[in-house]
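Visitor: One structure coming up, written as C-alpha cells, with questions to follow.
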Amino acid sequence: MKISETMLKKWINIPENILEVTNQKIIEVESFGPMNEATQLVIGHVLTCTDHPDSDHLHVTTVDLGDRVDQIVCGAENVAAGQYVIVAQVGTVLPGDFKIKVSKIRGVESHGMICSLKELGLDDKYIPEEFKDGIYYFGSKQSIGTDGLKALSLEGWVMELGLTPNRGDLLSVLGYAYDLAAMTNQKIVLPKYHIKETKNLNQIKVDIETDGCARYYARYFESLTIQESPWWLKAALLTNDIKPINNVVDISNYILLEYGTPLHMFDADKVETNHIVVRDAKEGEVVITLDEEKRVLNQQDVVITNGKEVIAIGGVMGLYNTMIDDQTKRVILEAAYFDPKRILQTSKRLNLRSDASLRFERGIDDTRVINGLERATELLIELADAKVSTNITSAIRYTLENPSVFIEKNYFNEKLGVEISNDELLKYFDAYNYEYEVHKDGYIIKAPSYRNDLLIKADFLEEIARMYGLDKIPMEAMNLPAQGKLTFKQMRLRALRHHLANIGMNEIISYSLIHPNEVHLYQNLGEPVSILLPLSEDKKTLRQSLVHGLLDVISFNQSRQQSSVSIFEIGNCFAKDLETIHLGIAMSGIWHKNPWKKQEFKPDFYTVKGLIDSIFNPLGISFSYVPTNHIDAYHPYRQANVLYQDQVIGQIAELHPSEVKRLGIEPTVVVDINLKNVLEPTTPMIYQSMSKYPQIERDLAIVIQQEVNADDLIQMIKQTARKNLIQIDVFDIYQGSHIEQGMKSIAFHLVFNDLEKTLESDDVDQLMKKITNRLSFSYQATIRN
C-alpha cells in the first residue's frame, strides 16, 4: 500500500518526522521519496508556434512563464499556440537525472523543454493515447508560472508500507490516518457528505440469501457523463499503479484507496431488473468476467444476480454482461461486506487476485462500507454530473462485533518490563479508539471495528508496546539458569540420523501435504486432517505416512537417470487429534556394487529388516515382525508389521508390482516406523563383560509346515534355552526334493555359553533335546538328517 502526502493531508496534520513515526510505531516502510523526482517545473502558456527554419519536424515556440517569455524549440507534432503546458526550465532536473541546459538546436537557441508525460517519468501504459507521441497540455486555462507538479497532483512524497497479513486496516489512507492519529495525539473526523438527491425514489430491491455476504448497499444513478478524470484523481491512482480508465471507474478505485472499501458499478440498463439477489453460486455455473474469460463456479463462491442471471462474482470481479462502457447512462453502485474466507477461496481457485479481493480477504471494516458508498456518490455527482435517486437500498444479514477481552491490570507492565501508569494506559485506549471498562482487577477492552485483528490479550499487548515505544523497552538478558544439553529424545534422533548417514543413506525432507485421495494409501492413523485454504488441491491433506515423500524423491531421481536411491526421513505424521514422529526408509536400485568382480547387490525385504535391527538392537530395542497383507499398495507376501513391546508401530514391505509400475520406478522396499515409544527414556544399559568360558555351536535343521514363521520358532527356542543361548541365526530355508509338499526346511545356527562355568557337551545336548521336543510338540517339527 502506498500513502501519498496529497491524500493523507486531507485527513490529518502530517508530522515532519512522518517516516520515523511510521517506522518506529506503525509499520515498516519499504520506500519513501518524492512522488515525482522532477524539479522546477512550471506551467507555461504557448504564445507562438512556428516551423523551424532548418527542420521539417521541429517547431520554434515562445512560452510565457509568468515572470518572463522564453524561446523553446520543440519536436512534438501536437504542440500549438494557445496551449497551457508543463515546462522544464533551464536548471530543471527531470527523472533519470536529466538536466536541462541552454542549447542550440540547428542554429536556434532553446531555453528549456516543453514536457511530455513520458519525460515526467510516467509509464507508457498509463499515458492517455492522445498524449503518447507528443507533449502534454491542459484542457483548460491554468495559472501561468505556478508549480507544474502541483497542477498534475504529483507534488509531495509517497511512502510504501511493508504490510503484514494482520494489518488489513492499513490498506487505505483512512486506515493509516487512524493509526497515525493515535501516535500523534490527533483525532480523525469523518466528513459530512454533500449529496443532493432527486425526487425519484431508488427502486432497487436487495435480498441476501447467503452467509457469504453480511451487508449490501445499493444506490441508483441516472444521466451519468462518462469522461476523462481530473488529474488529481488520475495521480492518486497512478501512485498505486492503477491505470485510469474513466471518471466512473476511477472513482470506485479512488474510494478503494481512500476508504479501503471496494465498490462495484453495474450498468443499470444491462442489469435489466430492479432486484439484486446475493446468493451462493450453483455448482458448475459458468460466467464470463470483465476480462472476457470464461469461469466455472462452485457452491463456495458468492454471486450477485438480477434475480435471474449472475451479474458479478461477489468481492472478486464483475461480469462482462453488466460492465460500464462509454454509452453507460444509468448505474447501480454496490457497497458490500463479503466473508473473507469465501473471497480468498474464490480468488485463489479462479486465479483472480485484485486490489478489491485483497482487501476483502484481509477483512474490511463493515461499518465503513456505507461511508465509502456516500463518498463515491459525492464524487459521481461532482465529476460525472450524476443524478442520484433518493434513498439507499440496504440489506443486513448479520453484523460483526469484535470480542471484549479481559486483561489484568498488571498484565502490560509485567510483560513489557516497564511502568505505565493507569492514567497513561487509559490515554492509550482513548487514542486507539477502544471501548473499555475499568474494573478493580483489570480492564475489559474491545477494539474499534476497523481493527478486526485484535482478538486476544497478546494483540493488545503489542498495541500498547507500539504506543509506549518499542525503543523505550529495556533490553535485558534473561537471568535464568539453562541446562544447555540435549534431551534424551534429541540425542536418540541425532544418533539415528548419524547411523543411517554413516551406512550411506541420504536424508530428505519431504512435503507434509498430499492429495486427499492418497492419504490412506500406505497407512491409516485415523481421520484425515485437511487445511482450509490449500495452495493447490493436490497438496491439501496432512500425511499419515512418510512413504509418500520417499517415493516421490525416488521417482524424481530415477526419472533423471539416478537409478540407485537409498534415503530416509524423520518427520511428523498426522491424523485428527494426533501427531506422531516417524522414521521412513526407502531403498531402490543397487545398494552395493563391485565393478571389479562384476557383483551387484539389490536390497530386498530382508536387507531393510537387517538394517533396522542393526540400528535398534545396539540401543537395547528389539523388534518383532508379523506377516500381514492389509496394505494393498505393498506386496501381499512381502510385508510385515513391526512390533515393539507387543504393539504395532509400523510396517516393512516391498512395493506391489502394480504400484511400482504406477509410479514408474524400480522395485522398492520401504519402512515406516512410529518412533514415539522408541524415543522414551529406557532402563540404562548395564555393562556385561565377555565370557571367559568357551562357547559351543550347534546347527539344527527341522522340517515344518510351510505356513509356520521362522520368528515363532526362534522365540520358542529362546524361551527354552533361556540364558545359555546367546545367539541364534537362520542360515537356510529349503523347499524341494526330499521335502514333502506343503512343508519346508529351516536351519538354525545356535551359539551356547555360560558366564559362570564351562558348558559341557552333555549340557548342550540336553538343551538341544528340550528344544526339539518343544518344537515337535508345538509345531509337529521333525529333525532333518
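Visitor: Kindly indicate whether any position in the range 187-206 is under 31 Å from the mean Cα position of the chain (by Cα) and either under 23 Å from Ala384 (Cβ atoms) or in contact (Cβ under 8 Å) with a residue 12 or more places away in the chain (or both).
Guide: no
Visitor: Please go through (1) surrounded by 15 or more Cβ atoms within 10 Å (Cβ to Cβ); (2) within 30 Å of Ala336 (Cα to Cα); (3) of a type in the set (Gly, Ala, Ser) for Ala465 and return the number of the only condition it doesn't satisfy.
Guide: Here Ala465 meets the rest and fails (2).
Visitor: Please specify each residue of the range 322-359 satisfying the condition of being over 26 Å from Tyr450 (Cα atoms), open to solvent by 60 Å² or more (accessible area, probe 1.4 Å) and not polar (S, T, N, Q).
Guide: Within the range 322-359, Asp326, Lys329, Arg330, Arg349 meet the criteria.
Visitor: Moving on to the next point. Looking at the range 202-291, what helices (runs of 4 or more DSSP H) fall wholly within it and have at least 3 residues that are touching a helix residue (DSSP H, G or I) at 6+ places or on another chain (Cβ under 8 Å)?
Guide: 231-239, 247-259
Visitor: Still on this structure: Quick one: in the range 365-398, of everything that is of a type in the set (Ser, Thr, Tyr) and in contact with a strand residue (DSSP E or B) (Cβ under 7 Å, 6 or more places away or on another chain), which residue is nearest to Ala447 (Cα to Cα)?
Guide: Once the filter is applied, the top-ranked residue is Tyr398.
Visitor: Something else about it: Could you list, ordered by first residue, the pairs with Cβ atoms under 7 Å in which the first is in the range 626-647 and of a type in the set (Lys, Arg) and the second is at pLDDT 90 or above, at least 6 apart or interchain?
Guide: Every condition considered, the pairs that remain are Arg638/Phe605; Arg638/Ala653; Arg638/Glu654.
Visitor: Let me ask you something else. Within the range 35-47, identify whether any single residue is farther than 30 Å from Glu462 by Cβ, in a loop (DSSP other than H, G, I, E, B) and over 46 Å from the mean Cα position of the chain (by Cα), and answer yes or no.
Guide: Within the range 35-47, none of the residues are farther than 30 Å from Glu462 by Cβ, in a loop (DSSP other than H, G, I, E, B) and over 46 Å from the mean Cα position of the chain (by Cα).
Visitor: Return the residues of the range 450-472 that are within 25 Å of the chain's Cα centre (by Cα), outside any helix (DSSP H, G or I) and not polar (S, T, N, Q); say none if nothing qualifies.
Guide: Answer for the range 450-472, where residues must be within 25 Å of the chain's Cα centre (by Cα), outside any helix (DSSP H, G or I) and not polar (S, T, N, Q): Tyr450, Arg451, Asp453, Leu454, Leu455, Ile456.
Visitor: In addition: Keeping to the range 493-506, report how many residues are surrounded by 12 or more Cβ atoms within 10 Å (Cβ to Cβ), in contact (Cβ under 8 Å) with a residue 12 or more places away in the chain and either in contact with a strand residue (DSSP E or B) (Cβ under 8 Å, 6 or more places away or on another chain) or closer than 16 Å to Asn572 by Cβ (or both).
Guide: Qualifying residue count for the region: 6.
Visitor: Would you check if there is a residue in the range 507-520 being touching a helix residue (DSSP H, G or I) at 6+ places or on another chain (Cβ under 6 Å), hydrophobic (A, V, I, L, M, F, W, C), within 30 Å of Ile407 (Cβ to Cβ) and open to solvent by less than 30 Å² (accessible area, probe 1.4 Å)?
Guide: There is no residue in the range 507-520 that is touching a helix residue (DSSP H, G or I) at 6+ places or on another chain (Cβ under 6 Å), hydrophobic (A, V, I, L, M, F, W, C), within 30 Å of Ile407 (Cβ to Cβ) and open to solvent by less than 30 Å² (accessible area, probe 1.4 Å).
Visitor: Mind listing whichever residues of the range 25-34 are exposed (fewer than 15 other Cβ atoms within 10 Å of the Cβ) and not in a strand (DSSP E or B)?
Guide: Once the filter is applied, which keeps residues that are exposed (fewer than 15 other Cβ atoms within 10 Å of the Cβ) and not in a strand (DSSP E or B), the range 25-34 yields only Glu28.
This table checks each residue for (1) in contact (Cβ under 8 Å) with a residue 24 or more places away in the chain; (2) under 46 Å from the mean Cα position of the chain (by Cα); (3) surrounded by fewer than 20 Cβ atoms within 10 Å (Cβ to Cβ); (4) farther than 21 Å from Asp64 by Cβ.
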{"site": "Gly107", "(1), (2), (3), (4)": "yes, no, yes, yes"}
{"site": "Ile114", "(1), (2), (3), (4)": "yes, no, no, no"}
{"site": "Ile127", "(1), (2), (3), (4)": "no, yes, yes, yes"}
{"site": "Ile144", "(1), (2), (3), (4)": "yes, no, yes, no"}
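Visitor: Would you check if Ile324 is outside any strand (DSSP E or B), touching a residue at least 60 places away in the same chain (Cβ under 8 Å) and of a type in the set (Val, Ile, Thr)?
Guide: Yes.
Visitor: Still on this structure: Tally up the residues in the range 594-608 that are aromatic (Phe, Trp, Tyr) and either closer than 15 Å to Val565 by Cβ or in contact (Cβ under 8 Å) with a residue 60 or more places away in the chain (or both), please.
Guide: Total satisfying the criteria: 2.
Every residue, every condition in (1) more than 22 Å from Ser252 (Cα to Cα); (2) surrounded by 14 or more Cβ atoms within 10 Å (Cβ to Cβ); (3) touching a His at 6+ places or on another chain (Cβ under 6 Å), yes or no:
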site	(1), (2), (3)
Leu190	no, no, no
His194	no, no, no
Asn200	yes, no, no
Val206	no, yes, no
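Visitor: Is the range 76-97 home to any residue that is assigned to a strand (DSSP E or B) and farther than 26 Å from Lys243 by Cβ?
Guide: Looking through the range 76-97, at least one residue is assigned to a strand (DSSP E or B) and farther than 26 Å from Lys243 by Cβ.
Visitor: Also: Among the strands (runs of 3 or more DSSP E) lying completely within the range 567-661, list those that include at least 2 residues that are surrounded by 15 or more Cβ atoms within 10 Å (Cβ to Cβ) and more than 39 Å from the chain's Cα centre (by Cα).
Guide: Result: 624-627, 634-644.
Visitor: Also: If I go through the range 524-558 residue by residue, how many of them are open to solvent by 30 Å² or more (accessible area, probe 1.4 Å), assigned to a loop (DSSP other than H, G, I, E, B) and more than 20 Å from Leu350 (Cβ to Cβ)?
Guide: So the answer is 5.
Visitor: Related question: For the range 68-97, which positions are within 19 Å of Glu155 (Cβ to Cβ) and of a type in the set (A, V, I, L, M, F, W, C)?
Guide: Scanning the range 68-97 gives Val85, Ile86, Val87, Ala88, Val93, Leu94.
Visitor: Report, by residue number, each residue of the range 404-417 that is within 31 Å of the chain's Cα centre (by Cα) and open to solvent by 50 Å² or more (accessible area, probe 1.4 Å).
Guide: Once the filter is applied, which keeps residues that are within 31 Å of the chain's Cα centre (by Cα) and open to solvent by 50 Å² or more (accessible area, probe 1.4 Å), the range 404-417 yields Ser404, Lys415.
Visitor: On to the next question. It is to be established whether one or more residues within the range 80-92 are out of contact with any Phe, Trp or Tyr (no Cβ under 7 Å at 6 or more places or on another chain), open to solvent by 50 Å² or more (accessible area, probe 1.4 Å) and not hydrophobic (A, V, I, L, M, F, W, C).
Guide: No, the range 80-92 contains no residue that is out of contact with any Phe, Trp or Tyr (no Cβ under 7 Å at 6 or more places or on another chain), open to solvent by 50 Å² or more (accessible area, probe 1.4 Å) and not hydrophobic (A, V, I, L, M, F, W, C).
Visitor: Report whether or not Gly175 is over 19 Å from Ile370 (Cβ atoms) and surrounded by 20 or more Cβ atoms within 10 Å (Cβ to Cβ).
Guide: When the stated conditions are applied, Gly175 does not pass them.
Visitor: Right, something else. Failed condition for Arg397, given (1) surrounded by 15 or more Cβ atoms within 10 Å (Cβ to Cβ); (2) within 28 Å of the chain's Cα centre (by Cα); (3) within 25 Å of Asp280 (Cα to Cα), with all others met?
Guide: The single condition Arg397 does not satisfy is (2).
Visitor: Restricting to the range 744-779, and then to whatever is part of a strand (DSSP E or B) and surrounded by 15 or more Cβ atoms within 10 Å (Cβ to Cβ), can you tell me which residue is farthest from the chain's Cα centre (by Cα)?
Guide: Residue satisfying both the conditions and the ranking: Phe752.
Visitor: Search the range 418-433 for residues being touching a residue at least 24 places away in the same chain (Cβ under 8 Å) and under 34 Å from the mean Cα position of the chain (by Cα), and hand back the single one that is surrounded by the most Cβ atoms within 10 Å (Cβ to Cβ).
Guide: So, considering only residues that are touching a residue at least 24 places away in the same chain (Cβ under 8 Å) and under 34 Å from the mean Cα position of the chain (by Cα), the one surrounded by the most Cβ atoms within 10 Å (Cβ to Cβ) is Tyr432.
Visitor: Which of the residues spanning the range 677-724 are among the aliphatic types (A, V, I, L, M), in a loop (DSSP other than H, G, I, E, B) and either surrounded by 11 or more Cβ atoms within 10 Å (Cβ to Cβ) or at pLDDT 85 or above (or both)?
Guide: Matches in the range 677-724: Val678, Leu679, Val708.
Visitor: Turning to a different aspect of this structure: Tell me the residue from Ile531, Ile514, Ile503, Ile585 that is at pLDDT 95 or above, touching a Leu at 6+ places or on another chain (Cβ under 9 Å) and of a type in the set (A, V, I, L, M), please.
Guide: Being at pLDDT 95 or above, touching a Leu at 6+ places or on another chain (Cβ under 9 Å) and of a type in the set (A, V, I, L, M) holds for just one of Ile531, Ile514, Ile503, Ile585, which is Ile585.
The values are calculated or read from the model by the stated rules, or taken from the named source; none is laboratory data. Worth saying up front: this structure is predicted, and the values here are computed from it rather than measured. For neighbour counting, all protein chains shown are included, and Cβ atoms are generated from backbone atoms with ideal geometry for every residue, glycine included. Surface accessibility is based on the protein's heavy atoms, side chains included, excluding ligands, DNA and RNA. Shrake-Rupley method; radii C 1.70, N 1.55, O 1.52, S 1.80 Å.
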